[in-house]
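Below is one structure, written out as structure tokens, with a few remarks after it.
The values are calculated or read from the model by the stated rules, or taken from the named source; none is laboratory data. It should be emphasised that the depicted structure is a prediction, and the values quoted were computed from it without experimental measurement. Methodologically, a virtual Cβ is constructed for each residue, glycine included, from the backbone with ideal geometry; neighbour enumeration extends over all protein chains shown. Calculation scope for accessible area: heavy atoms of the full protein, side chains included, ligands and nucleic acids excluded. Shrake-Rupley method; radii C 1.70, N 1.55, O 1.52, S 1.80 Å.
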Amino acid sequence: MQQFQPRVKFTDNMIASTLPQEKVFVLIDTEVPGLQCFINPRGKKSFKLRIRGFQKEIGQFPFTKCADARKTAMIWRGDLLKGKKPKEQEEETPEIRDISVDDLIGEYLQYKQSGNNALEKGTFYAYSFVWKKHLSPALGKKMISQLTDVDVNGFFISVNKTYSVIKTSRVLLQPALNYAEVLGYDISHLRPAKWLKVKGRKKERYFTPGELSRLQSVLSQNKQGSEPRLWQFDVLELLMLTGCRCSEILELRWQDVFLEEGYLQLWETKTRKGRRIPLVSPMDVLIRKIFRTNNPYVFRSNRRQDQPMGYTALENFWLLLEKKLAINNHDSERLTIHSLRHTYITAANNIDISPWTIAALAGHSVGGSITGLYIHHNLNKLKKAQEQIVYTLNNGSY
């Protein structure tokens, strides 16, 4: 089903900045009657002339510019008014288009912000960070027609001590180049299979009881200090006590907080299913102390109205906290924000909480287990398990 948008004057900038939606939608030009631009969920943008039962594709943006599409549409309209069949345009050698790595990745990330294949917010921020911090300084000005495997491997060698940067760069570069090829950009012959592979150690591990005690001490100092309260500390504490994914807590809305009923309602999980997180002490106390504003999010952005706290802001805060906690000083497995989730699930397993209950609290799928599919947990049972896990974490008895 096609969705028609209000009539607009076509410009190249307007067409380029229009993002795809979940369904095909149509833009209608105000200058030439019948000139339309079809945009499908994959981002393909096609100019067409539709008039008096006649429909014919003019060309695909950005290879066909708005001015060219408008000129062709007017010529075809003239032929139709004269009762003639619109003449076919003479085949021309397609224009070879080139683009820099910076412009390509910027265009690709803009495309991946919406539609059926949109990136999750956390993934989008991670890709943007690696692009601006590492990829852009090294390869950004390089034209993709001149980009070689030697260039890519040279970049990987320069960041070989940071496995996560290489991994993220690889999963960003390959689909971005595939996207460029689909749009007809001139791409040099690259062989991603020949790109250097760096075997990385495990990114995250769980907090030992001693390390978790050190973190809890820092969190406690924030509550008792005279300085302004930092909401990043509350986010970390809630992540520690719930085992939730970072995006689930950052995007938690007040409308999904049920203090009197005693639970949080989460929706945005990897499984795309909702789940309830029981509110037990000290989680309930923590949330009740958060000052409400007109911002719908519990943990709000300080800069953007009606937006949640950004993952990048929390990640930068964590990097500063590492020094205070005296962690990650050695060339070994690292403790990250996601390690709090590892710790929660490890503690739950070590005190013999049912795997099905752990899956319900953590938002994990049950795989192919038929038994797991038929188990539905009530809030009271989840609350008892949550109390046990929180007690174990606070006492370091896991």
Inset, instruction - Pairs only if they're at least six apart or on different chains, beta carbon under 6 angstrom, first in the stretch 12-39 and over 26 Å from GLY53 (Cβ atoms), second modelled with pLDDT of 85 or more and open to solvent by less than 40 Å² (accessible area, probe 1.4 Å); list them, first residue then second. - result: ASP12/CYS66; PRO20/ILE39
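Among the residues of the stretch 142-160, write down those that are within 25 Å of the chain's Cα centre (by Cα) and assigned to a loop (DSSP other than H, G, I, E, B). Break it down into steps so the answer makes sense when it comes.
Going through the stretch 142-160, the residues within 25 Å of the chain's Cα centre (by Cα) turn out to be 144, 152, 155-156, 159-160.
ILE144, VAL159, ASN160 - these are the residues of the stretch 142-160 that are within 25 Å of the chain's Cα centre (by Cα) and assigned to a loop (DSSP other than H, G, I, E, B).
Determine whether ILE327 is hydrophobic (A, V, I, L, M, F, W, C), in a loop (DSSP other than H, G, I, E, B), farther than 21 Å from VAL235 by Cβ and open to solvent by less than 40 Å² (accessible area, probe 1.4 Å). Can you show your working first?
Details: hydrophobic (A, V, I, L, M, F, W, C): yes; in a loop (DSSP other than H, G, I, E, B): yes; farther than 21 Å from VAL235 by Cβ: no; open to solvent by less than 40 Å² (accessible area, probe 1.4 Å): yes.
Against the criterion (hydrophobic (A, V, I, L, M, F, W, C), in a loop (DSSP other than H, G, I, E, B), farther than 21 Å from VAL235 by Cβ and open to solvent by less than 40 Å² (accessible area, probe 1.4 Å)), ILE327 does not qualify.
Determine which member of the set ALA126, ALA138 is outside any loop (DSSP other than H, G, I, E, B) and over 24 Å from ALA313 (Cβ atoms).
So the residue among ALA126, ALA138 that is outside any loop (DSSP other than H, G, I, E, B) and over 24 Å from ALA313 (Cβ atoms) is ALA138.
Considering ARG245, ARG300, which residue is surrounded by 15 or more Cβ atoms within 10 Å (Cβ to Cβ) and either farther than 28 Å from PRO209 by Cβ or aromatic (Phe, Trp, Tyr) (or both)? Let's see the steps before the verdict.
Working: ARG245 fails: either farther than 28 Å from PRO209 by Cβ or aromatic (Phe, Trp, Tyr) (or both).
Sole residue among the options that is surrounded by 15 or more Cβ atoms within 10 Å (Cβ to Cβ) and either farther than 28 Å from PRO209 by Cβ or aromatic (Phe, Trp, Tyr) (or both): ARG300.
Filter the helices (runs of 4 or more DSSP H) completely within the stretch 197-256 down to those with at least 2 residues that are under 20 Å from the mean Cα position of the chain (by Cα) and modelled with pLDDT of 90 or more. Explain how you work it out, then say what you get.
Working: elements: 209-224, 231-242, 246-250.
The helices (runs of 4 or more DSSP H) meeting that bar are 231-242, 246-250.
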Inset, instruction - Inspect the stretch 303-316 for any residue being touching a His at 6+ places or on another chain (Cβ under 9 Å) and not hydroxyl-bearing (Ser, Thr, Tyr) and give the result as yes or no. - result: no
Inset, instruction - Name every residue in the stretch 16-58 that is over 18 Å from MET74 (Cβ atoms) and of a type in the set (A, V, I, L, M), in order of residue number. - result: ALA16, LEU19, VAL24, VAL26, ILE39
Legend entry - Candidates ARG304, ARG275, ARG288, filtered to the one that is out of contact with any Leu (no Cβ under 7 Å at 6 or more places or on another chain) and either over 25 Å from HIS377 (Cβ atoms) or in contact (Cβ under 8 Å) with a residue 24 or more places away in the chain (or both): ARG304
Inset, instruction - Looking only at the stretch 61-77, count how many residues are buried (at least 16 other Cβ atoms within 10 Å of the Cβ) and within 32 Å of the chain's Cα centre (by Cα). - result: 5
Inset, instruction - Please enumerate the residues belonging to the stretch 33-45 that are touching a Gly at 6+ places or on another chain (Cβ under 9 Å) and buried (at least 17 other Cβ atoms within 10 Å of the Cβ). - result: GLY43
Legend entry - Residue in the stretch 262-272 that is farthest from ALA385 (Cα to Cα), counting only those that are without any contact (Cβ under 8 Å) to a residue 24 or more places away in the chain and surrounded by 12 or more Cβ atoms within 10 Å (Cβ to Cβ): GLU268
Inset, instruction - Go through the residues of the stretch 310-324 one by one and say whether even a single one is open to solvent by 70 Å² or more (accessible area, probe 1.4 Å) and part of a loop (DSSP other than H, G, I, E, B). - result: no
Inset, instruction - Determine whether the stretch 268-279 contains at least one residue that is in a helix (DSSP H, G or I) and at pLDDT 85 or above. - result: no
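Can you find even one residue in the stretch 142-154 that is modelled with pLDDT under 90, over 22 Å from CYS246 (Cβ atoms) and open to solvent by 40 Å² or more (accessible area, probe 1.4 Å)?
Scanning the stretch 142-154, I find no residue that is modelled with pLDDT under 90, over 22 Å from CYS246 (Cβ atoms) and open to solvent by 40 Å² or more (accessible area, probe 1.4 Å), so the answer is no.
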Legend entry - Unmet criterion (only one of (1) modelled with pLDDT under 85; (2) within 34 Å of the chain's Cα centre (by Cα)) for LYS82: (2)
